[in-house]
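The values are calculated or read from the model by the stated rules, or taken from the named source; none is laboratory data. Quick caveat, the model's predicted, so the values are computed rather than measured. Virtual Cβ from ideal backbone geometry, glycine too; neighbours counted across all protein chains shown. Areas reflect the complete protein model, heavy atoms only, side chains present, ligands, DNA and RNA absent. Shrake-Rupley method; radii C 1.70, N 1.55, O 1.52, S 1.80 Å.
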Amino acid sequence: MSKLLNWFAVLSALGFPLALAGFRLGLYQFGTSFKLLNYSFYLAVAVLLVGLVLFFIHRRSKPTSSRNALIAVAISLIPIVGLGSQVFVASSVPAIHNISTDIVDPPQFRAIVDLRGAGTNPLAYSIENGNLGEIQRNAYPDIKTITADTDIVNAFDKAVFVAGSLGWDIVNKTIGWETVNKNQAHEGIIEATQTTTLWQFKDDIVIRLRSNSQTPDTTYIDLRSVSRIGQSDLGANAKRIQRFIDQFNS
């Protein structure tokens, strides 16, 4: 029994690498990988509980069996701790994946729209149940518009530099005049994509810079970051925007 438990423990530990490898190789969609992760976690918990029971039952009469049970318990802790930490992070942030510094008039994507493909999250700044802006503001109160004391051309150049230094792949960068609230305003748009290291998820970012004739030496910079797949981003988009804000203001 304890040897069989060891095999189940190993199987639970293999769940994550199998889910990751299968997704990266294109063998199945992330939904399948997510199910594999769930099954691995449940299997690991079952191994942990059964292993502890077997250890206490056989710790005196069958030392080999009790030792094998402890090995199974130790192996099961790998996926439990690893996946459990992700569950903890997910429970600590709202299940959203669309973050903007401007929750009233969020920056709009242009060139990236055609790159996202079928089956990706919608780009509308909305949520089925509840007010996305209010949810975001409560969860990430520091995600706000950047007010830069410089003209839009200098701010635009610095924004491009910061985006590149953060490892973002710039897809589009334009600057021109737009009509905003019936006033002629200078507007710059930078669109970029960042690919995550482990899962190779692609998240899209748009940076909008605005100034007007009344405040030529002040530029207002807004960012928006949206995950292509997944309901919850585990706080990744807010962290991405915050890193940009911190580096731009440094």
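Observations on the model:
- Residue 64 exposes around 70 Å² of accessible area when a 1.4 Å probe is run over every protein chain in place.
- Other-chain or far-sequence residues with amide H under 5 Å of residue 171's (modelled H): 191, 192, 193
- The residues of the range 181-250 expose, per residue, 43 Å² of accessible area to a 1.4 Å probe.
- Relative contact order of the chain: 20 percent, from C-alpha pairs under 8 Å at least 6 residues apart in sequence.
- Chymotrypsin sites (Phe, Trp or Tyr not before Pro) restricted to the range 159-250 and DSSP loop, no more than 12 other C-beta within 10 Å: none
- Hz values of 3J(HN,Hα) by residue in the range 80-90 - Karplus curve (6.51, -1.76, 1.60), Gly and Pro given as x: 5, 5, x, 6, x, 5, 5, 5, 5, 4, 4
- Extension reserve of the residue 45-residue 3 stretch, reckoned as 0.36 nm per residue once the Cα distance is removed: 13.4 nm
- Under the combined filter of DSSP loop state and at most 14 neighbouring Cβ atoms within 10 Å, the range 142-250 retains these trypsin sites (Lys or Arg not before Pro): 144, 182.
- For the range 59-157, carbon and sulfur atoms together expose 55% of the accessible surface, with a 1.4 angstrom probe and every protein chain in place.
- Within the assembled protein chains, the solvent-accessible surface assigned to residue 149 is about 140 Å², based on a 1.4 Å probe.
- Kirkwood Rh (inverse of mean 1/r, distinct Cα pairs), the range 127-245, angstrom: 15.4
- Loop trypsin sites (Lys or Arg not before Pro), the range 41-135 (other Cβ atoms within 10 Å of the site Cβ: 15 or fewer; DSSP): 59, 60, 110
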